[in-house]
Amino acid sequence: MSNTKLEREYCVHLAEGDHQAVRRLTERSFEAAALAYVEDLHLADGGAEISLVVQDMESGHEHCFRVDLDSGETSACG
């Protein structure tokens, strides 16, 4: 079985503010897409936390995550 079958395309952007930094990423999960977005934009402000919206491009489902930029830990918004 190919690894690409396990991966999906996601659209990720900051939950607040404008959506200038939208990225399309291919990852295995919503959480992996959120972390890849942080790594892609080199968002590391020493302990800061950001909120991201991750949308599965095939199903349209969205999840919001808070990402701790210091530890890389994710949690659901809300």
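The values are calculated or read from the model by the stated rules, or taken from the named source; none is laboratory data. Only a predicted model underlies this, so the values are computations on that prediction, with no experimental measurement involved. Cβ: placed from backbone, ideal geometry, glycine included. Neighbour counts: every protein chain shown. In case anyone asks, the SASA skips ligands and DNA or RNA and just uses the protein heavy atoms, side chains included. Shrake-Rupley method; radii C 1.70, N 1.55, O 1.52, S 1.80 Å.
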Spacing of the two label points (7 Å from each Cα toward its C-beta) at Asp70 and Leu41, in nm: 2.0
Simple spin-label estimate for Glu16/Asp56, 7 Å along Cα→Cβ, in nm, reads 2.8
Let me check something: with ligands and nucleic acids excluded, how do His13, His63 order by accessible area (1.4 Å probe), largest to smallest? His63, His13
